[in-house]
Structures are given as C-alpha cells and as structure tokens.
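Peer 1: Got a structure for you, written out below as structure tokens; questions coming shortly.
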Amino acid sequence: MRPTFRTLLFLAALAVPVIAQEIPPLPPPQHKGILNPPVADGDDARTRIARDMEKKAAKDRVAALKTDTDKLLKLSVELKQYVDKSDENVLSLDVVKKAEAIEKLAKSVKDKMKGPN
C-alpha cells in the first residue's frame, strides 16, 4: 500500500516539533574581550587629546632630530678640518674631543630615531 500525500503531510507535521526539540538553541554570544568598547563622550575627548599629544611629541622629536643631525654634520666637518691640519706624529686633543662629541651626539640621534619606547 502506497502512502497518500495527505498521510505524508500529516507525518511531516508530527515530525517537525520532534526535530525542533532535538536541536538545542544557540547560546547568546559571549564576549570575553570587547574589541570595540562603546566610547563615551569623555573617553572620546581623552582619546583625541592623547592622539594630539602623540602627534606633537612626534613633531618635536623630528625637529630635535633635524637640529641634532645639523650639529652632527657641523662637528664632522670640523673634525675633518682638524684631522687635515694635524701632523701624522701629533694627534690634537681637539680631535679627540670632537670625536667624543660626535659619538655622543650620534648615540643621541640613534636613540631619538628609535622613538619613545
């Protein structure tokens, strides 16, 4: 005996609640860490101020780097002139002082280039 369409429809209607009961509902999503927390007006202002301060600090650091590299160039040229004037038997104390000043300034420039870490 072949089931009729009406019988199949009746059986399907009975099976839907049973299938629905077997599948548990999905739990609501739980956020362990909020990626983008809601920003309050005060937080937004603080963020903007902090960003402006970082930009100003970066500009100041670049300006200091330019000044220091200009000094470094000047000291290097002076060192070259002292070395050219010195004799092979005599090393001037000025040459040693200039070399130390260049070394100290070069280290300062290197540290500034690394940033505020």
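Peer 1: Using Cα pairs under 8 angstrom and six or more residues apart, how large is the relative contact order of the range 60-112, in percent?
Peer 2: Once divided by the residue count of the range 60-112, the mean separation gives 50 percent.
Peer 1: Let me ask something else. Set the bar at 25 Å for Cα to Cα. Now go through Lys74/Lys110; Lys85/Lys107; Lys80/Lys107; Lys66/Lys97 and name every pair that lies beyond it.
Peer 2: Lys85/Lys107
Peer 1: While we're looking at this one, here's another question. Under a plain spin-label model, where a point goes 7 Å from the Cα along Cα-to-Cβ, how far apart in nm are Val96 and Lys110?
Peer 2: The answer from the label model is 2.2 nm.
Peer 1: Just to check I understand the Karplus step: with θ = phi - 60° and J = 6.51 cos²θ - 1.76 cosθ + 1.60, what whole-Hz values come out for the range 80-91, glycine and proline as x?
Peer 2: Rounded to whole hertz, the list is 4, 5, 4, 5, 5, 7, 6, 8, 5, 8, 10, 10.
Computed from the coordinates by the stated procedures, all read-outs in this text should not be read as laboratory data. Because the structure is predicted, anything quoted here is derived from the model rather than measured. Virtual Cβ from ideal backbone geometry, glycine too; neighbours counted across all protein chains shown.
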